[in-house]
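One structure below.
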Amino acid sequence: MQKLYSYGTREFLVAGLGPLGCVPYVIASFGQDPNQYYEHHNEIAVQYSLKIKAMVQQLNQDLPGSYVLYWDVYPLIRQNIDNPSQY
């Protein structure tokens, strides 16, 4: 991002990770039950996204005149997965 900033970019959108433990490949490879999510991967995604959020806050302080927006997609995607009939 700092290289893009040096080229003049001032607005960034950074997205967190969705629930990786709900991806069919992960369920098939690591899960015990094909009808259940693999929560270990979901927790890793949540922890990674927290670190990305902290990084975005730091970038907003370190890059004057820039606007770095963090988009936490995890709850949105998880809500769709957990309640598909609402969508």
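The values are calculated or read from the model by the stated rules, or taken from the named source; none is laboratory data. Because the structure is predicted, anything quoted here is derived from the model rather than measured. All Cβ positions, even for glycine, are placed from backbone atoms using ideal geometry, and neighbour counts span all protein chains on display. Please note that ligands, DNA and RNA were not included when accessible areas were found on the heavy atoms of the full protein model with its side chains. Shrake-Rupley method; radii C 1.70, N 1.55, O 1.52, S 1.80 Å.
Observations, loosely collected:
- Residue in region 18-30 that is modelled with pLDDT of 95 or more and of a type in the set (S, T, N, Q) present: no
- Residues that are free of Cβ contacts under 8 Å to residues at least 12 places away in the same chain, in a loop (DSSP other than H, G, I, E, B) and surrounded by 10 or more Cβ atoms within 10 Å (Cβ to Cβ) within region 24-47 comprise 31, 36, listed in sequence order.
- Whenever a residue of region 63-87 is over 12 Å from residue 13 (Cα atoms), its partners that are among the β-branched types (Val, Ile, Thr) and open to solvent by less than 70 Å² (accessible area, probe 1.4 Å), lying with C-beta atoms within less than 9 angstrom and at least six residues away or across chains, give the pairs 74/46.
- Summed over region 1-23, the residues that are more than 19 Å from residue 81 (Cα to Cα), assigned to a helix (DSSP H, G or I) and either open to solvent by 90 Å² or more (accessible area, probe 1.4 Å) or not small (Gly, Ala, Ser) (or both) give a count of 4.
- Region 48-87, residues that are open to solvent by 50 Å² or more (accessible area, probe 1.4 Å), touching a strand residue (DSSP E or B) at 6+ places or on another chain (Cβ under 7 Å) and in a helix (DSSP H, G or I): 53, 60
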